[in-house]
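The structure appears right after this line, and notes come after that.
Read-outs throughout are calculated quantities, based only on the coordinates presented, and are distinct from any laboratory measurement. Predicted, not measured: the structure shown is a model, and the values here were computed from it. Note: ideal-geometry Cβ built from the backbone for every residue, glycine included; neighbour counts use all protein chains shown.
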Amino acid sequence: MVTREVEVSNRAGIHARPAALIVTTANKFKSDLFLEKDTMKVNGKSIMGIITLGAAYKARITIICEGPDEQEMAAAIESLFANRFET
């Protein structure tokens with residue numbers, strides 16, 4: 001299991017487009033992805049789950065990856081946050 005803490009650095013927070021980018025990226029890997037904010041934990045391969053986090057600008061989120069390619073998945077998801085979901 002790999003965990004990383006990231007910060008939402010785009011001003012609009014995580015809305016539909018960033019959520020879709022997270023899901024698209026996560027689905028390239030076999031590992032499971034979970035996102036945690038405060039006490040809420042959601043499936044990182046579900047757009048609706050991610051949106052329900054209500055992650056606004058500067059929110060802290062914990063990425064949890066579990067599976068055979070967890071290191072690569074964690075790096076890819078962390079990169080999305082670092083680049084403000086700009087592809």
Seminar exercise, completed: Which of T39, T62, T25 fluctuates most in a GNM of the chain (C-alpha springs under 10 Å)? That residue is T39
Problem set entry | Anchor K45: aspartates and glutamates whose Cα lies under 12 Å away (excluding residues fewer than 8 positions away in-chain) | D32
Problem set entry | Loop-resident sites, the chain, for GluC sites (Glu not before Pro), counting at most 16 other Cβ within 10 Å (DSSP) | E86
Seminar exercise, completed: For the range 1-68, listing chymotrypsin sites (Phe, Trp or Tyr not before Pro) in a DSSP loop whose Cβ sees at most 15 other Cβ atoms within 10 Å gives Y57
For this session: Measure nothing but the geometry: give the 0 to 90° angle between the long axis through the Cα atoms of 16-26 and the longest principal axis through the Cα atoms of the chain, rounded to 10°.
Result: 10 degrees
Exercise. In deg cm²/dmol, rounded to 500, what helix-only [θ] at 222 nm does the chain give when every DSSP H run of at least 4 residues adds -39500 (n - 2.57) and the total is split over its residues?
Worked result: -10000 deg cm²/dmol
Exercise. For the range 2-82, what percent of Cα pairs sit more than 20 Å apart?
Worked result: 18 percent
Exercise. In the range 1-76, what trypsin sites (Lys or Arg not before Pro) fall in a loop by DSSP, with at most 14 other Cβ atoms inside 10 Å?
Worked result: R11, K28, K30, K58
